[in-house]
């Protein structure tokens, strides 16, 4: 997977834009689950002191089937917007979930059908963009 992430601020805008790019290569698989080591991944965004007028969360995943996600404890709507044979991304409007403290996204492989859909689920990038009136 090759991904280009571009962040910019428009100096003429009346809004301040904040960007977080959390990267890694966190893997969740049926092998761990079958051995009794259920796994739910987590990544944090330092959103303390920010009042969100608009906020978008994006998960970029490597899997045949999208995972399940929460943001600050709220389950996010699920879909399987697969863009390639082992690549996809999904975005959500999370404006109402930014609380002024740290924000946490969790992710877990979707084991809906005994693992046949998502034997392995990897999430290398989680992106959060928050706009705030200045």
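The values are calculated or read from the model by the stated rules, or taken from the named source; none is laboratory data. Bear in mind that the values here come from a model prediction, so they are computed numbers and not experimental data. With ideal geometry, Cβ positions are generated from the backbone for all residues, glycine too; neighbour counts draw on all protein chains shown.
Annotations
- Residue match in region 122-132 (condition: exposed (fewer than 12 other Cβ atoms within 10 Å of the Cβ) and at pLDDT 95 or above): no
- Among the residues of region 6-26, those that are modelled with pLDDT under 85 and under 15 Å from residue 106 (Cα atoms) comprise 25, 26.
- Against the test of being without any contact (Cβ under 8 Å) to a residue 12 or more places away in the chain and over 14 Å from the mean Cα position of the chain (by Cα), the options 96, 101 yield a single qualifying residue, 96.
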